[in-house]
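Each remark here refers to the structure printed beneath this line.
Every number here is computed from the coordinates shown, using simple stated rules; none is lab data. All values derive from a computational prediction rather than experimental measurement. Every residue, glycine as well, gets a Cβ built from its backbone with ideal geometry; the counts of neighbours run over all protein chains shown.
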Amino acid sequence: MPRTLCMWRGTLLLLVLSGQIVFRNVDGSVTPGLYPAMFIFGDSLVDSGNNNFLATFARADFLPNGIDFGTGWPTGRFCNGRTIADYIGLMVGIDPVPPYLALLQNQGMEGFTTGLNFASGAAGILDESGYNYLGRIPLSQQLGYFARVKEDLVGRRGQEEAERLLAKSLYFVAFGSNDYINNYLQPTSYSRLVYTPEAYQELLVTTFIQQLKALYRIGARKILLGGVGPLGCIPAELNIFKSRNGRCIESRVNKLVRGYNKAMKEAAEKLVKRHTDMHILFADAYKQILAFTQNSSQYGE
Ligand SMILES: *[C@@H]1O[C@H](CO)[C@@H](O)[C@H](O)[C@H]1NC(C)=O
């Protein structure tokens, strides 16, 4: 069976920055209703169909996407089966939540049950990232949609209940890849002309932290924050930087990603220290993906 980025079943290396985010009980069982809802923000790693509604080159509504999903047609997920967000949802007893734009198009907020997915292929922390794909919903706009959802929930259920729901829910936030591969590392990148790698990293981290604060102000408290994987090993970068023998591009790509992940994790640690009721789990995608690819036999192949 083909394996793509979204199909990993392995346990993520979860680093607890602040306690109280629980996925399973000690005996391995899942407490039903632990999280009343799940909200997903991110890029093509977790988009489940929002981009189907956009004029964009970043789309996955054609085969072979979705061949193992079980619906018999491509859902808009950029992979053969489920995304990591789908798996995390299943771990906590939440079936895949609908893409926000699909819900709007179909039932509207009447149909809201256990959460929403705002993720969009080609989206970045920075609004301009992914420009080469045209349509996409950047992090800032995903948060704008979420703020609207909150207003709607307040209207339907009252302030107190809406806030309680949002505070108890699980948030999956995965960004950063497109800020590198579809911005800084593009051959025609404007960002690379004006920022050193260090300055660009600082811009990403500062912007992302501002957005996490906005997410907190809207009402999120329990956040699973995804780090960026080893982008220097993906085919596009091997091609752009003329890899020899398929070796990962270390100094010009992976080093940048490692720097970003480290800085982002430290900034998130500072953030939860300032907000004691905010909980962040940092998922070290970089280490985990290297482990999957370099030691695949330990993970079932
Ligand atoms: C692969 O497995 C070996 C042996 O368990 C371990 O030492 C190494 O760190 C692993 N590599 C990665 C990238 O996780």
Checklist line | Per-residue HN-Hα couplings for the range 34-47 [Karplus 6.51, -1.76, 1.60; θ = phi - 60°; Hz; x = Gly/Pro] | finding: 4, 10, x, 7, 10, 10, 10, 10, x, 10, 5, 5, 10, 4
Check: Long-range amide H contacts for residue 176: which residues qualify at under 5 Å (H placed 1.01 Å from N, peptide plane, sequence gap of 5 or more or a different chain)?
Finding: 125
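Based on DSSP, what percent of beta bridges with both residues in the chain are antiparallel, to the nearest 5? Write out the running numbers ahead of the final one.
Values: 4 of 23 bridges.
Counting DSSP beta bridges with both partners in the chain, the antiparallel share is about 15 percent.
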Notebook entry, point to check: Given 0.36 nm per residue, what is the gain on full extension from residue 255 to residue 269 after removing their alpha carbon distance, in nm?
Noted result: 2.9 nm
Next item on the list: May I ask for the distance between the Cα centers of the range 128-168 and the range 217-257, given as a whole number of Å?
Entry: 27 Å
Next item on the list: Using only the Cα atoms of the range 133-258, build the gyration tensor, take square roots of its eigenvalues as a ≥ b ≥ c, and label the shape rounded, prolate or oblate: rounded if a/c is under 1.5, else prolate if a/b is larger than b/c, else oblate.
Entry: prolate
Item checked: Under 5 Å, built H, 5+ apart or other chain: amide partners of residue 117 -> 40, 100
Check: In sequence order, what are the phi-derived ³J(HN,Hα) couplings for the range 110-118 according to the Karplus relation 6.51 cos²θ - 1.76 cosθ + 1.60 with θ = phi - 60°, rounded to whole Hz, with x for glycine and proline?
Finding: 3, x, 5, 10, 10, x, 8, 10, 9
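D for the chain, whole µm²/s, Stokes-Einstein with Kirkwood Rh over alpha-carbon pairs at 37 °C and 0.692 mPa s: what number?
Numbers: Rh = 19.6 Å.
Diffusion coefficient, whole number: 167 µm²/s.
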Note to self: Can you work out the Karplus-derived ³J(HN,Hα) for every residue in the range 239-253? Use 6.51 cos²θ - 1.76 cosθ + 1.60 with θ = phi - 60°, whole Hz, and x for glycine or proline.
What the structure shows: 6, 4, 9, 6, 4, 9, 6, x, 6, 4, 7, 7, 6, 8, 10
Check: At q = 0.11, 0.12, 0.18 Å⁻¹, what log₁₀ I(q)/I(0) does a Debye calculation on the Cα points of the range 26-100 give, no solvent, two decimals?
Finding: -0.30, -0.36, -0.72
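I need the helices of the chain that pass two filters: whole DSSP H segments spanning 18 Å or more by Cα along the axis, and mean Kyte-Doolittle score no lower than -1.0. Intermediate results must be reported in sequence, preceding the final value.
Working: long enough: 139-157 (26 Å, -0.52); 197-218 (32 Å, 0.15); 255-274 (29 Å, -0.87).
Long hydrophobic helices here: 139-157, 197-218, 255-274.
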Checklist line | Net charge dipole size for the chain [Lys, Arg +1 and Asp, Glu -1 on Cβ; Debye, nearest 20] | finding: 580 debye
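Ranking request for peptides 96-103, 155-162: highest mean number of other beta-carbon atoms within 10 Å first, then the rest in descending order.
Numbers: 96-103: 22.4, 155-162: 12.2.
The densest-packed peptide leads the list: 96-103, 155-162.
Take the Cα atoms of the range 202-301, build their convex hull, and give its volume per residue in Å³.
Values: hull volume 12.3 nm³, N = 100.
So the per-residue Cα hull volume is 123 Å³.
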Next item on the list: For residue 262, go through the lysines and keep the ones whose alpha-carbon is under 30 Å away, minus same-chain ones fewer than eight residues off.
Entry: 168, 213, 222, 242, 270, 273, 287
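Output the peptides 54-63, 105-114, 239-248, 132-141 sorted from most to least packed, where packing is the average of other Cβ atoms within 10 Å over each peptide's residues.
Values: 54-63: 15.9, 105-114: 12.9, 239-248: 11.1, 132-141: 20.0.
Highest to lowest by the protection proxy: 132-141, 54-63, 105-114, 239-248.
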Notebook entry, point to check: Taking 0.36 nm per residue of separation and subtracting the Cα-Cα distance, what length does fully extending residue 199 through residue 132 add?
Noted result: 21.9 nm
